[in-house]
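These notes concern the structure reproduced below.
The values are calculated or read from the model by the stated rules, or taken from the named source; none is laboratory data. The model shown is predicted, which means the values in this text are computed figures rather than measured ones. Cβ placement follows ideal geometry from the backbone for every residue including glycine, while neighbour counts extend to all protein chains displayed.
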């Protein structure tokens, strides 16, 4: 299901509310990313690109407590760089787009639901015909309109 919502900018207390792009920087989808960039430009709002990540499986199994801060920071830096690399060609294609890159150490569903609090629109991809648990959670808990872009 794809809902196109072409209304003007939605303003919150701090100004225009952004279009939020839920992006997996390890498996980005051009159709989803392009839709989100165009929606933000059409509305005259910023684009908030949200990439969620989790600690490496080996770290989760090996450590009974949180990993050392230096390790967590190194892993997070890698995720930040990964998202920046994925968005670089889109920033070049849409130089007037105002993009906020956001890397969250959370589940994708939790990160997107949280981002929907301040969003005018949430754009996510839909791979296949069935809705997985992440999309079901996002659709049931999101606090803004959601566009599912099939790919």
Select, from 140, 116, 107, the only residue that is within 23 Å of residue 54 (Cα to Cα) and buried (at least 20 other Cβ atoms within 10 Å of the Cβ).
-> 116
Evaluate the following for residue 84: is it in contact with a strand residue (DSSP E or B) (Cβ under 7 Å, 6 or more places away or on another chain), in a helix (DSSP H, G or I) and without any contact (Cβ under 8 Å) to a residue 24 or more places away in the chain?
-> yes
Subset tally (residues that are modelled with pLDDT under 95 and within 18 Å of residue 125 (Cα to Cα)) for the range 28-57 | 1
